[in-house]
1. Only one of (1) within 25 Å of the chain's Cα centre (by Cα); (2) farther than 20 Å from Asn229 by Cβ is not met by Leu277, so which one is it?
2. Considering only residues that are in a loop (DSSP other than H, G, I, E, B) and touching a residue at least 60 places away in the same chain (Cβ under 8 Å), which ones fall in segment 84-116?
3. Among (1) exposed (fewer than 14 other Cβ atoms within 10 Å of the Cβ); (2) charged (D, E, K, R); (3) touching a residue at least 60 places away in the same chain (Cβ under 8 Å), where does Asp250 come up short?
4. Can you tell me which residue is farthest from Asp245 (Cα to Cα) among those in segment 123-166 that are among the aromatic types (Phe, Trp, Tyr) and in a loop (DSSP other than H, G, I, E, B)?
5. Residue under question is Thr45, and the condition is that it be open to solvent by 50 Å² or more (accessible area, probe 1.4 Å), modelled with pLDDT of 80 or more and more than 20 Å from the chain's Cα centre (by Cα); does it hold?
6. I need every pair where a residue in segment 35-56 that is in a loop (DSSP other than H, G, I, E, B) has its Cβ under 6 Å from the Cβ of a residue that is open to solvent by 30 Å² or more (accessible area, probe 1.4 Å) and polar (S, T, N, Q), sequence separation at least 6 or different chains.
7. Look through segment 180-197, keep the residues that are in a helix (DSSP H, G or I) and surrounded by fewer than 18 Cβ atoms within 10 Å (Cβ to Cβ), and return whichever of them is nearest to the chain's Cα centre (by Cα).
8. Which one of these is more than 23 Å from the chain's Cα centre (by Cα) and either among the small types (Gly, Ala, Ser) or open to solvent by 40 Å² or more (accessible area, probe 1.4 Å) (or both): Ala206, Ala169, Ala230?
Amino acid sequence: MNKKWGLSAAAMLLTAALILPACGNKEQAPKEALKSAATKVSTMTSYEMKSKIVVNNLTIDAPTDESSAMTTQVLSMLKNAELSVDSVYQADPMQTEATLVLNLKGDMAMSFTVPMVITKEKIYIKVPSIPFFPIPETIVGKYVEIDLKELAEQGGTEFTPNSLDTQKAQKLSNEVISTLLAEYDETKYFSEIKLKDANLPENVEAKQVIQFKVTNDNIKEAITIMMNNALPKIIDILGKDEYKDMLKIDAADLAKAKEELQSGSARTELDKGLADLGNYLTINDFHFNTAINKDSFPVYQDLLMDIKVNDPDTNTKVGLSLTGSSQYSKINEKAEFKIGIPAGDAVITMDELQKQFGGLGTY
């Protein structure tokens, strides 16, 4: 079995869970509530969102070698690491601003903040002050302007504003979600959680909480469904004409991917890998909850993932436990931007940025 299989499987399931918002006009059966979300979420024309991921535990048990010291140092930084993003979004005119904060713990603890602004044609990223990284003081605090049209021309491609069409991206996500949900059995993967047991924040008012859960008992079936049933249909969705400008995926590449996915050799390799999956992947806990408010919007989502991945070939064992959450507010209200669109002396171009870093040898 491919030694990367356990991690790949976990990543696929995590991706599947993270795109499962939930809502409904009334309390519905869990799977039906999730299907209703595909339509409801696309009506969000503005919102504020607070997201957070915390690495509760990360361990690597591997044979001692030259990289052991570096591995130990990295683990020290990543344990209890926190990544948070506070954002404001509006659809028309398209504008998003987000502030990313990364807190690393351990002996080399550090924290830095990266505000950014996204419009239909440009992206602005504020240059942070990062400990131990020699960023020229003359540009710290400035916003780097990335002109998407110029970037496309430099890459020899045609600029299409639809590449950042958030509403079209939502529509695509809706189609993918509906297709994915249709393949999974409700009684095995979905359930409703009582509000008193959902551990919702005090300021979250919900009428229904839906849980998507994967266990050691259903992981093999979940992956089989994903690979054999859902992914071929999702590839067909990605190939639709209406998403060409946004995704820029070659139709021939999609056709080849689908053909390889459905080939006899791929099915044989999948079956072989699943037969030994228990030796590579252990799921202690993996669930994703979505809280629905009285207006049928997904106002809060939280994830818990606690897994162990074992590679017998190298005698390496990895343990990962993390939690994540996203909270939506001010849905379809007037967006209140704190940063605005940077201009004037607050902005530098990519060329100016490159010139500044070209002189790092003097610092």
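1. Failed condition: (2).
2. Correct list: Ala91, Met94.
3. Asp250 satisfies every listed condition except (3).
4. Phe132
5. yes
6. If the second residue must be open to solvent by 30 Å² or more (accessible area, probe 1.4 Å) and polar (S, T, N, Q), the pairs left are Thr45/Asn332.
7. Per the stated criteria, the residue is Ala182.
8. Residue meeting the stated conditions: Ala206.
The values are calculated or read from the model by the stated rules, or taken from the named source; none is laboratory data. As the structure is a computational prediction, the values presented were derived from the model and not from experiment. Neighbour counts run over all protein chains shown; Cβ positions are idealised from the backbone, glycine included. SASA here: full protein model, heavy atoms, side chains in, ligands and nucleic acids out. Shrake-Rupley method; radii C 1.70, N 1.55, O 1.52, S 1.80 Å.
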